[in-house]
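One structure below.
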Amino acid sequence: MDPDLAVIGGVGFALKGQADEVETPYGKVPVVHSNFVGKEIVFISRHGDNHLPPHKVNYRAIISAARISGARAVISTNTVGSMAGHPMGSIFLPSDFAEFTKSRPNTFFEERAVHVDMGCPYCPHLRRSLIEAAGSLGQTVGEGVYVCAEGPHLESPAQIRMMRLFGDVVGMTGYPEVVLAREARLCYASLCIVTNPAAGMIGGSNLAISEITDLMRKNQEIVAEIIKLAAQEISDERSCGCRYALEDAVL
Ligand SMILES: [Zn+2]
């Protein structure tokens, strides 16, 4: 049976279940099959057991595995730094993105020119389900533009001053995942947890990565609850245009 949903877990977030493996053109991807609230979920760890750094993550393999597993909707979890004063521990749902990455393959189409539409990068149906789920659990939800930095170093104050011109939060893992999901005609949304103020912001500090992962672990439960609630709203009868984003998808 095809899963109803794929969940991509970032640092400090995982779902338990039956371990499996998906063969993709980009390598084998370990996955976990979970079932909750009557929904089949396939969980994919973004960084894997080897804890790959953001610029080394095999994004094409991950999105390919989600698609091959049969899921048509993907919820991705990410940690972000706020450039706009969001409370720590609050939820942020990107509606658009900008990026400053440098070394990441960002398309499935290497041999011919395919220009996937990015007018609506994140699925409005999934976003609405996640926003409503987070709101019903009493969570503060921010929306806006996600800026993806290359990393793995944290940003300098000058980089943040530049990125603030483009967006509201900064992370390292949201791109090219969002674009690849679009190319794969998947409904895709990113559920971000604000774990720190970005460098140079009021209250911003040189936060150790271990402090960020600790915060994410503390928030794991609430992230799982939001996904559970949102999963109940996901059906194949979506009115969004995600599945038509690319007519000649080859996956
Ligand atoms: Zn959609």
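Just so you know, all these numbers are worked out from the coordinates, no wet-lab data involved. Predicted model only: the values in this text are computed from it and were never measured. We place every Cβ from the backbone using ideal geometry, glycine too, and count neighbours over all the protein chains shown.
Here is how the numbers come out for the structure above:
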| quantity | calculated |
| --- | --- |
| Residue of ALA66, ALA113, ALA134 that the Gaussian network model of the chain assigns the largest fluctuation, springs spanning Cα pairs under 10 Å | ALA113 |
| Using distinct alpha-carbon pairs, which all enter the 1/r mean, Kirkwood radius of the stretch 52-163 in Å | 16.3 |
| Value at 222 nm in deg cm²/dmol, rounded to 500, when DSSP H runs of n ≥ 4 in the chain each add -39,500 (n - 2.57) | -7500 deg cm²/dmol |
| Among VAL74, VAL114, VAL147: highest mean-square fluctuation, GNM of the chain, C-alpha pairs under 10 Å | VAL114 |
| Highest-fluctuation residue, MET172, MET162, MET83 considered, GNM on the chain with Cα pairs under 10 Å | MET162 |
| Two-site FRET efficiency, SER156 against SER210, from Cβ-Cβ distance with R₀ of 22 Å, rounded to 0.05 | 0.60 |
| 22 Å Cα cut-off, lysine pairs counted over the stretch 5-236 (separation 8 or more, or different chains) | 8 |
| Beta bridge orientation in the chain: antiparallel %, DSSP, nearest 5 | 35 |
| For the chain, the Rg and Dmax computed from alpha carbons only, in angstrom | 16.8, 50 |
